[in-house]
Amino acid sequence: QVSQQHNQHPIQYCTSNVANREGCEELVQHISQIFDHQLHVLINNAGTSWGEPLERNSSTQSNWGFDKVFDLNVKGLFYLTRACIPLLQNTATLQDPGRIINVGSIVGMIPQAAPTHAYDASKAAVHQLTKKFATDLATKHITVNCLAPGFVPSRMSAGLKAWGGTPETIAQSIPLGRMGNEDDMAGACLYFASRAGAWCTGVILNVDGGAIGAIQVELDSKL
């Protein structure tokens with residue numbers, strides 16, 4: 001179903017299952033008609049998670065979330081990106097390339113203290129796919145970069161409470177002393193999508209309050 005908000009700048013949107021190839025290709029067919037076969041920016045932001053201790057057996061039927069998580073986080077990203085390439089090429093120029101922004105995570109670089117094996121592995125895959133697509137699409141004047149968020153308040157991060165990850169404890173572990181917010185993430189995406197980021201591709205940008213770049217090994221003060 002398609003809905004339109006009637007104001008000075010109409011917004012068109014539709015729903016589609018981007019966890020499978022058919023849903024991705026149907027979505028691209030639809031937006032191709034709406035935007036006259038042109039696309040300037042694709043943001044791959046769909047994602048899901050799963051967490052269950054290794055010693056529990058209730059996940060034998062769901063493969064500990066690997067099928068669900070990889071279908072959406074990794075395969076869906078691949079299928080949707082592939083289907084959007086012709087639309088991005090129609091607007092891309094040498095000086096103002098088409099833009100693809102993938103949303104990874106810092107847990108694709110360092111594991112979190114929760115049994116989210118499928119999610120952590122999927123985000124590492126997103127980072128590698130970003131670099132692979134960046135290589136593939138550079139000659140087509142399309143940049144491919146990745147936003148790697150740290151911990152932000154969301155329904156997904158709220159699930160970490162089951163393993164002691166309250167907003168307070170998470171914030172205390174971040175060098176800048178707070179969780180991220182919408183402006184932090186939007187600013188990074190605006191950079192990649194604007195002329196300011198036109199010469200960047202294959203970049204994994206941590207937006208995490210220093211959780212990766214400003215962390216240190218604590219030493220005993222008596223040493």
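Hydrophobic, long helices, defined as DSSP H runs whose alpha-carbon span along the helix axis is 27 Å or greater and whose mean Kyte-Doolittle value is at least -1.0, occur in the chain at 117-137.
Run the count for segment 108-223, please: Lys pairs, Cα-Cα under 20 angstrom, 8 or more apart or on different chains.
Values: Lys123/Lys131; Lys123/Lys132; Lys131/Lys140; Lys132/Lys140.
Lysine pair count for segment 108-223: 4.
Could you pull out which residues in segment 124-149 have an amide N less than 19 Å from a spot 7 Å beyond the Cα of Ser173, following the Cα-Cβ vector? The answer is 124, 148-149, whose backbone nitrogens lie closer than 19 Å to the label point.
Across the alpha-carbon atoms of segment 110-215, the computed radius of gyration and Dmax are 15.3, 47 angstrom.
For segment 126-223, which whole-number percentage of the solvent-accessible area (1.4 Å probe, protein heavy atoms only) is attributable to carbon and sulfur atoms? Accessible surface attributable to carbon and sulfur in segment 126-223 totals 59 percent.
Mean residue ellipticity, 222 nm, helices only, the chain: the sum of -39500 (n - 2.57) across DSSP H runs of n ≥ 4, divided by residue count and rounded to 500, is -10500 deg cm²/dmol.
Taken per residue, the accessible surface of the chain reaches 59 Å², heavy atoms only and a 1.4 Å probe. For segment 139-214, averaging the sequence separation of C-alpha pairs within contact (under 8 Å, six or more residues apart) and dividing by the residue count gives a relative contact order of 50 percent.
Determine, at each q value in 0.09, 0.15 (inverse angstroms), the log₁₀ of I(q)/I(0) that the Debye formula gives when each Cα of the chain is one equal point scatterer. One equal scatterer on each Cα of the chain leads to -0.42, -1.08. Between amide H atoms placed 1.01 Å from N, distances below 5 Å from Leu42 occur with Arg99, Ile100, Ile101, all of them 5 or more places distant or on a separate chain.
May I ask you to list the trypsin sites (Lys or Arg not before Pro) in segment 40-139 that are in a DSSP loop and have at most 14 other Cβ atoms within 10 Å of their Cβ?
Details: sites: Arg56, Lys68, Lys75, Arg82, Arg99, Lys123, Lys131, Lys132; in loops: Arg56.
Of the trypsin sites (Lys or Arg not before Pro), the ones in loops of segment 40-139 whose Cβ has at most 14 other Cβ atoms within 10 Å are Arg56.
Taking a straight line from the alpha carbon of Lys68, these aspartates and glutamates sit under 15 Å away, with near neighbours fewer than eight places off in the same chain left out: Glu52, Asp120.
The values are calculated or read from the model by the stated rules, or taken from the named source; none is laboratory data. None of these values were measured; they are calculated from a predicted model. Cβ atoms come from the backbone with ideal geometry, glycine included; neighbour counts cover every protein chain shown. Just the protein is used for accessible areas: all its heavy atoms, side chains included, with ligands, DNA and RNA removed. Shrake-Rupley method; radii C 1.70, N 1.55, O 1.52, S 1.80 Å.
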